[in-house]
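Everything on this sheet refers to the single structure shown next.
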Amino acid sequence: MFQTLSCQQPLIQASQLVCSPYQLEVGVPLQSLLSAGLNAFSGHMSAPYCTSYTVRDNIVWYQVQRRTGFCGTVMTTNTTHAIYYNSLFFSPLSNGSFVLPSIIPFSCAYPLETETSLNAVIKPQLLKGGLAGSGTKARAYMNLFRDSNYSYSYPAGPLTLPVGSALHVQVSVPLSDPSLALVLQECYATSSSNPDDPVRYFLIHSRCSTDSRVVSVVENGLSLRARFSALLFPLQGDNPSVFIHCRLRLCDKRSHNCVPICRRRTGRSAGTVEGEVATIGPINFH
């Protein structure tokens, strides 16, 4: 005999989904599993060997790493989000004839834009009755290095350098999915810590260096880090401080060429950048 799936919908309704930056978690009340005649600790992801779980407050939490292909996880992207899909399978308590498992499909949608606000409502296409959740934007970190090999970083806080010094900047996102790449959209300098300062000196614009003579993009769109070097000078005579701001986006390397194709440019431009940005500074010159 085959087990009917009449218990599946109530089981899904009783379950919880947590979309964290590094893993997806499905929590199922222990009593709900026992009432449905299921082995509470038999759960596994689409790959049967993925059985990691913990028990907290009578809820069995099953975890799977946020990584394409790991434990059968599938990831798709649209213009705004990366969506990870998997399913949780439970075996019945019966040891009799062959029976079908109960299935809880679930998905988590994560924004590709890491520093901008998204107004679109995301409705992932799921199996009927599945769990759907949303995660937070990826957190980006910006560091300034002493050398072009990016081996020795400066300590955090205000920094004083000679005029004309080379700045080696690295931006990174601590994610575990190698299918995604970090792309610098815009990087610019201001004399204040406010990224919305209307007076901006662009270093990278539309993913490319604004002037290859003084700005060199070392890495962009290859991995979850991006690097560039720039020669910077004080922007205003009465304020020697310089702050660097970058707007970035995650790109799906499986379906897009994430490395920008840039033509040589000879001059820097001024303009506006929408959305929040990652910032480093102040950098003072003497």
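Filtering segment 20-48 to residues that are open to solvent by 40 Å² or more (accessible area, probe 1.4 Å) and in contact with a Gly (Cβ under 8 Å, 6 or more places away or on another chain) leaves 21, 46.
Go over the candidates 68, 54, 76 one by one and state the one that is exposed (fewer than 15 other Cβ atoms within 10 Å of the Cβ), of a type in the set (Ser, Thr, Tyr) and either out of contact with any Gly (no Cβ under 7 Å at 6 or more places or on another chain) or assigned to a loop (DSSP other than H, G, I, E, B) (or both).
Values: 68 fails: exposed (fewer than 15 other Cβ atoms within 10 Å of the Cβ); 76 fails: exposed (fewer than 15 other Cβ atoms within 10 Å of the Cβ).
After ruling out the rest, the residue left standing is 54.
Selection within segment 184-220: residues that are open to solvent by 20 Å² or more (accessible area, probe 1.4 Å), part of a loop (DSSP other than H, G, I, E, B) and of a type in the set (Asp, Glu). The member of this set that is nearest to residue 242 (Cα to Cα) is 197. Among all positions in segment 215-226, there is no residue which is touching a residue at least 60 places away in the same chain (Cβ under 8 Å) and of a type outside the set (A, V, I, L, M, F, W, C).
For segment 144-181, which positions are of a type in the set (Val, Ile, Thr), at pLDDT 90 or above and outside any strand (DSSP E or B)? Walk me through it before giving the result.
Of segment 144-181, the ones of a type in the set (Val, Ile, Thr) are 160, 163, 169, 171, 173.
Then keep just the ones that are at pLDDT 90 or above; that gives 169, 171, 173.
Hit for segment 144-181 is 173, nothing else.
Checking each residue in segment 254-269 for being within 18 Å of residue 218 (Cα to Cα) and modelled with pLDDT of 90 or more picks out 257, 258, 259, 260, 261.
The values are calculated or read from the model by the stated rules, or taken from the named source; none is laboratory data. All values derive from a computational prediction rather than experimental measurement. Cβ atoms come from the backbone with ideal geometry, glycine included; neighbour counts cover every protein chain shown. These area figures cover heavy atoms from the full protein model, side chains too; ligands, DNA and RNA do not enter into them. Shrake-Rupley method; radii C 1.70, N 1.55, O 1.52, S 1.80 Å.
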